[in-house]
Amino acid sequence: MDFEKELQMVTAATEETIENFLPSEMSFQKPVVEAMNYSVLSGGKRLRPILMAETYKLFAIPWEDEKGLAALVPQNPVLHRFMAGIEFIHNYSLVHDDLPAMDNDDMRRGQETTHKKFGEAVGILAGDALLNYAFETMLKGFETDRICEACMLLGRTNEAEYMKRVAWALSVTAEKAGIYGMIGGQTADVCDEGKDIGKDELSFIYENKTAALIEAAMMDGAILSGATEDEVKKIGEAASKIGNAFQIRDDILDEKTEKQGKVTFVTKEGEEKAKATVSSLTEEAIAILSSFEKSNDFLLELTYKLINRDS
Ligand code: GRG
């Protein structure tokens, strides 16, 4: 199948998976729930849950595949909860990043930012709520019937071992979203804005602010599919390269719109070096993703297209 067509279908199926976990707009908390749903439903590439599901496919031997019916999104109820959870965390970070105290943006994904539409207090609460609700959603993956179904679909018999995997994935997600990940990177970015930061701090910001959540997404996919510790580590390395290349690519695109006053890879190293680094990181990531027993051509092409995107 043509890649673009397949990407459209996978994105639509991912969108549906996420929508199944959106909270109901009711009672006195309705304003915050409306703001949460507005931010999640405002478009977006759904990159992190797609990367999670595609990494899962790289290691799982799903039932569907054996019957020649490869699912667009693998039918694992625990995986679905982590796909929604990672997208909720990503959306909380965008809602907070747009606030007046941070980037102070009025528009995102072609529509009003959440705080602009619902007011600043509800914007703050919607970000908090998305982060908390992400963990509520993922933690419910522990329920016995879901663990049993996941094991059955993966052809695994040891349910206690699969529960340990769910705990492992939760721990990876919490760490990569927290002070040793995305929040840590955002802190350095915000606190040292306007300063002539060095290369070490710039790479710290890229690795943590942008790459860490992509690492969580892909490592969770591997963990929940039954991959070994070594395989999960390698996936983390590939995801770090993808995340860093994604951010440098973002800088190159931003440079075109002449965003001023911020130290980026492009302002520090120049556009040529930035492009060369994006290429080498992409090749290294693709080499790792091609080194496993099973292959996933869609994941390879997605990695390539994502990093070489024009917008
Ligand atoms: C507020 C804790 C906290 C963190 C904010 C996400 C973030 C960290 C800042 C947003 C600014 C930025 C340029 C981040 C780099 C990562 C990035 C390019 C995010 C946008 O991700 P996409 O392109 O967004 O996947 P969509 O809209 O497609 O979901």
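The values are calculated or read from the model by the stated rules, or taken from the named source; none is laboratory data. What you are looking at is a predicted structure, and each value in this text was computed from that prediction instead of being measured. With ideal geometry, Cβ positions are generated from the backbone for all residues, glycine too; neighbour counts draw on all protein chains shown.
Okay, residues lined up against (1) among the hydroxyl-bearing types (S, T, Y); (2) modelled with pLDDT under 95; (3) touching a strand residue (DSSP E or B) at 6+ places or on another chain (Cβ under 9 Å); (4) over 24 Å from E201 (Cα atoms):
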{"site": "I242", "(1), (2), (3), (4)": "no, no, no, no"}
{"site": "D250", "(1), (2), (3), (4)": "no, yes, no, no"}
{"site": "K259", "(1), (2), (3), (4)": "no, yes, no, no"}
{"site": "T277", "(1), (2), (3), (4)": "yes, no, no, no"}
{"site": "E283", "(1), (2), (3), (4)": "no, no, no, yes"}
{"site": "S290", "(1), (2), (3), (4)": "yes, no, no, yes"}
{"site": "E293", "(1), (2), (3), (4)": "no, yes, no, yes"}
{"site": "K305", "(1), (2), (3), (4)": "no, yes, no, yes"}
{"site": "R309", "(1), (2), (3), (4)": "no, yes, no, yes"}
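What do you reckon, is A101 within 13 Å of the ligand (Cβ to nearest atom) and without any contact (Cβ under 8 Å) to a residue 24 or more places away in the chain?
Against the criterion (within 13 Å of the ligand (Cβ to nearest atom) and without any contact (Cβ under 8 Å) to a residue 24 or more places away in the chain), A101 qualifies.
Could you check region 116-133 and list, in sequence order, the residues that are more than 23 Å from A188 (Cα to Cα) and touching a His at 6+ places or on another chain (Cβ under 9 Å)?
A121, V122, A126
Any idea which of H115, H90, H80 is within 12 Å of the ligand (Cβ to nearest atom) and surrounded by 20 or more Cβ atoms within 10 Å (Cβ to Cβ)?
Details: H115 fails: within 12 Å of the ligand (Cβ to nearest atom); H80 fails: within 12 Å of the ligand (Cβ to nearest atom).
Step by step, each of H115, H90, H80 is checked, and only H90 is within 12 Å of the ligand (Cβ to nearest atom) and surrounded by 20 or more Cβ atoms within 10 Å (Cβ to Cβ).
Checking the structure you have, find out if any residue of region 209-226 is within 16 Å of the ligand (Cβ to nearest atom), without any contact (Cβ under 8 Å) to a residue 12 or more places away in the chain and not aromatic (F, W, Y).
Checking region 209-226: not a single residue is within 16 Å of the ligand (Cβ to nearest atom), without any contact (Cβ under 8 Å) to a residue 12 or more places away in the chain and not aromatic (F, W, Y).
Just to be sure before I move on: is T157 in a helix (DSSP H, G or I), of a type in the set (S, T, Y) and away from the ligand (no atom under 11 Å from the Cβ) in the structure I sent?
Values: in a helix (DSSP H, G or I): no; of a type in the set (S, T, Y): yes; away from the ligand (no atom under 11 Å from the Cβ): yes.
The answer is no for T157.
Step by step: first the residues of region 12-59, then only those that are of a type in the set (S, T, Y) and farther than 26 Å from E237 by Cβ, then the one that is nearest to the ligand (Cβ to nearest atom). Which residue is that?
In this case the residue turns out to be S42.
Cβ-Cβ below 9 Å, separation at least six or inter-chain, first residue in region 280-296 and more than 22 Å from G226 (Cβ to Cβ), second in a loop (DSSP other than H, G, I, E, B) and not acidic (D, E): which pairs?
Pairs that qualify, where the first residue is more than 22 Å from G226 (Cβ to Cβ) and the partner is in a loop (DSSP other than H, G, I, E, B) and not acidic (D, E), are T282/N308.
Among the helices (runs of 4 or more DSSP H) confined wholly to region 197-296, which include 1 or more residues that are closer than 30 Å to P74 by Cβ?
212-225, 229-256, 271-289
Is it the case, given these coordinates, that L154 is within 30 Å of E229 (Cα to Cα) and in contact (Cβ under 8 Å) with a residue 60 or more places away in the chain?
When the stated conditions are applied, L154 passes them.
A quick yes/no check of all residues on (1) more than 21 Å from the chain's Cα centre (by Cα); (2) modelled with pLDDT of 95 or more; (3) charged (D, E, K, R):
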residue: M83; (1), (2), (3): no, yes, no
residue: I89; (1), (2), (3): no, yes, no
residue: D98; (1), (2), (3): no, yes, yes
residue: G110; (1), (2), (3): no, yes, no
residue: F118; (1), (2), (3): yes, yes, no
residue: D145; (1), (2), (3): yes, yes, yes
residue: A160; (1), (2), (3): yes, yes, no
residue: V166; (1), (2), (3): no, yes, no
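Would you mind stating whether D254 is over 23 Å from D192 (Cα atoms), loosely packed, with under 14 Cβ neighbours inside 10 Å and among the acidic types (D, E)?
No: the conditions fail for D254.
Return a yes/no flag: does region 4-12 have any residue that is modelled with pLDDT of 95 or more, part of a loop (DSSP other than H, G, I, E, B) and buried (at least 16 other Cβ atoms within 10 Å of the Cβ).
no
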